[in-house]
1. From the Cα gyration tensor of the range 59-135, with a ≥ b ≥ c the square roots of its eigenvalues, which class applies: rounded if a/c is under 1.5, or else prolate if a/b is larger than b/c, or else oblate?
2. Computed FRET efficiency, Cβ-Cβ of R62 and K86, R0 41 Å: what is it to the nearest 0.05?
3. Spelling out what I want: for every residue of the range 24-41, take phi, set θ = phi - 60°, compute 6.51 cos²θ - 1.76 cosθ + 1.60 (Karplus), and round to whole Hz; glycine and proline get x.
4. Hey, what do the phi angles of the range 80-90 turn into as Karplus ³J(HN,Hα) couplings, whole Hz, using 6.51/-1.76/1.60 and θ = phi - 60°, x for Gly and Pro?
5. About the Cα centre of the range 22-85, how large is the charge dipole given +1 on each Lys and Arg Cβ and -1 on each Asp and Glu Cβ? Please answer in debye to the nearest 20.
6. Among V34, S119, C47, whose Cα projects farthest towards the positive end of the dipole of the range 19-157, with charges put on the beta-carbon of Lys, Arg (+1) and Asp, Glu (-1)?
7. Just want the answer: with Cβ charges of +1 for Lys and Arg and -1 for Asp and Glu, which residue in A162, F94, A57 is farthest toward the dipole's positive end in the chain?
8. May I ask for the net charge around S97, where only other residues with Cβ less than 13 Å from the Cβ of S97 are counted and Lys, Arg are +1 while Asp, Glu are -1?
Amino acid sequence: VLFLELGLTAAAGVRLPSVISDGMLIQRGEPFTVWGWAEPGERFGVCWQEACHPVEAGEDGRWQLELPQAPAGGPYSLHAGDIEIKDILVGDLFLCSGQSNMELPVRRVTDMFADEIASYESDMIRYFEVPDSPSFDGCREDAGGTWKRVCQKDVMSMSAFAYFFAKEMLSLTGVPVGIVNASPGGTPVEAWISE
């Protein structure tokens, strides 16, 4: 009924970037922006926290919408057209970036911290690693990647610094913690600044 009242239709052409996907974490206490692509002029709804918001894609097929803040916790879900994003947590989100010291994975520190790593899992920590795949022909619309939880299946490939930092933050605040890691090792500073 709401879709009929808003004049919206089913939105089969709606796409979202990989960072807006199942298991994501968004920053508490702040509005957040969702964005994506659809057919030019396509109209659909984005539903969050029991409210639906009408969206219309521009002539280039791009769209974005700022959604209201949500309290820490979850899991929540978000609908964008026909897409449902599940298991969303709201908490504290951190960007970790650097070179090889930030990129160093947990599997490389297991000799020192084997027991601590093997005995710990948490659904309250979410981790997104931006793939290290350079592009020399302009910006990409979507870099790829997936959200992971701290579990034995996935923990070995996570940044060791980010892993221990997230554990500490969660123990101090009791609030879900999200990490976005963008760390290409061995890159010179000139790669990060303009001429």
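1. In terms of gyration-tensor shape, oblate.
2. Taking R0 as 41 Å, the efficiency between R62 and K86 is 0.95.
3. Karplus-based 3J(HN,Hα) across the range 24-41 equals 5, 10, 10, 5, 6, x, 9, x, 9, 9, 10, 8, x, 9, 7, 5, x, x Hz.
4. With the stated coefficients, the range 80-90 comes to 10, x, 8, 8, 10, 9, 10, 6, 8, 10, 10 Hz.
5. So the magnitude is around 260 debye.
6. S119
7. Value: A162.
8. -3
The values are calculated or read from the model by the stated rules, or taken from the named source; none is laboratory data. In this text, all values refer to a predicted model and were calculated from it rather than measured experimentally. Cβ atoms come from the backbone with ideal geometry, glycine included; neighbour counts cover every protein chain shown. We work out accessible area using only protein heavy atoms, side chains counted, and drop any ligands, DNA or RNA first. Shrake-Rupley method; radii C 1.70, N 1.55, O 1.52, S 1.80 Å.
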